[in-house]
Amino acid sequence: MKKGLRDISNIDHNHFMRIAIKEAEMAGQCGDRPIAAVIVHNNHIIAKGSSKRRTGRSDVHHAENTAIMSCAPYLQEYGRECLIYSTVEPCIMCISTIAFSDIRNVIFAIEDKHMNTYAQIKAVPYLKERIFNYISGICVEETLQVFKRYTIESELNLVLNGC
């Protein structure tokens, strides 16, 4: 059995997601995609990240990756006890990075129907055995408001409808 935090029922997911939503709002104000992530250990935020695809001039500067890279040494020791909150479901690149960082718990607001990441997790044994909790639907309405404010309609349809 893989080690790591499994029971996350006593954690206030709404609280941490609202912090991620504030980060997403700031990313949108800077011209980046309004997507953000927060990494939590023992109910304390250890890292925040947001999409930096435009301002960082890189297509791999996704919110989850920027948060993970900002605390990578910490995750080497405590990753298995951490949770990551993201305003949008992680893409396949980010879920792989999350798993390689030993983060076992993923909580997000909006499902990304285009990426269909959960199907990828179930199909890849490495991911399936490392992601203990994969929870969607936290603070959806607040996240959608921010996402709609800063996202062009074609991208919004892609994420929300998968087309």
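The values are calculated or read from the model by the stated rules, or taken from the named source; none is laboratory data. Bear in mind the structure is a predicted one, so any value in this text is a computation, not a measurement. No Cβ is skipped: glycine too gets one built from the backbone with ideal geometry, and neighbour counts run over all protein chains shown. Surface accessibility is based on the protein's heavy atoms, side chains included, excluding ligands, DNA and RNA. Shrake-Rupley method; radii C 1.70, N 1.55, O 1.52, S 1.80 Å.
Each of Ile152 and Ile8 was given a label point 7 Å from its Cα along the Cα-to-Cβ line. The distance between the two points is 3.3 nm. Looking at the chain alone, DSSP beta bridges between its own residues are antiparallel in about 60 percent of cases. Available extension along the chain between Glu129 and His44 is 28.1 nm, counting 0.36 nm per residue and deducting the alpha carbon span. Rounded to the nearest 20 debye, the dipole magnitude of segment 63-159 is 200 debye, with +1 charges on Lys and Arg beta carbons, -1 on Asp and Glu beta carbons, and the Cα centre as origin.
Over all directions, the projected convex hull of the C-alpha atoms in segment 11-96 averages 5.2 nm² in area.
Heavy-atom accessible area for Cys139, with the other protein chains in place and a 1.4 Å probe, reaches approximately 10 Å².
Using the Karplus relation 6.51 cos²θ - 1.76 cosθ + 1.60 with θ = phi - 60°, the per-residue 3J(HN,Hα) values for segment 65-74 come to 5, 5, 5, 4, 5, 6, 9, 3, x, 4 Hz, with x marking Gly and Pro. Close amide-amide hydrogen proximity is noted between Ile46 and Ile39, Val40, His41, each under 5 Å apart and 5 or more residues distant or on a separate chain (H modeled in the peptide plane; Pro and chain starts excluded).
With each label modelled as a point 7 angstrom along the Cα→C-beta vector, the Gln120-Gln29 pair spans 3.1 nm.
By a 1.4 Å probe calculation restricted to protein chains, Ile11 has an accessible surface near 30 Å², given to the nearest 10.
Dimensions of the chain along the principal axes, based on C-alpha atoms and rounded to the nearest Å, stand at 44, 31, 31, largest first. Taken one residue at a time, the phi angles of segment 47-58 give Karplus couplings (6.51, -1.76, 1.60, θ = phi - 60°) of 7, 10, x, 9, 4, 10, 4, 7, 6, x, 6, 8 Hz. Gly and Pro are set to x.
Think of it as helices only: each DSSP H run of n ≥ 4 in the chain is worth -39500 (n - 2.57), and spread over all residues that comes to -13000 deg cm²/dmol at 222 nm.
Three semi-axes describe the equivalent ellipsoid of segment 74-135; taken as square roots of 5 times the Cα gyration tensor eigenvalues and ordered largest first, they are 18, 13, 9 Å. Pairs of lysine residues in the chain that meet both criteria, 8 or more places apart or on different chains and Cα atoms under 17 Å apart, total 8.
Evaluating 6.51 cos²θ - 1.76 cosθ + 1.60 at θ = phi - 60° for every residue in segment 136-145, the Karplus couplings come out as 10, x, 8, 6, 4, 4, 4, 5, 4, 4 Hz, glycine and proline recorded as x. Assuming charge only on the beta carbon of Lys and Arg (+1) and of Asp and Glu (-1), the dipole of the chain about its Cα centre is about 280 debye to the nearest 20. Here's the picture: charge each Lys and Arg Cβ at +1 and each Asp and Glu Cβ at -1 in the chain, and of Ile21, Ala72, Val140 the one pushed furthest to the positive end of that dipole is Ala72.
Other residues lying with their Cβ under 13 Å from the Cβ of Met115 contribute a combined charge of -4, Lys and Arg counting +1, Asp and Glu -1.
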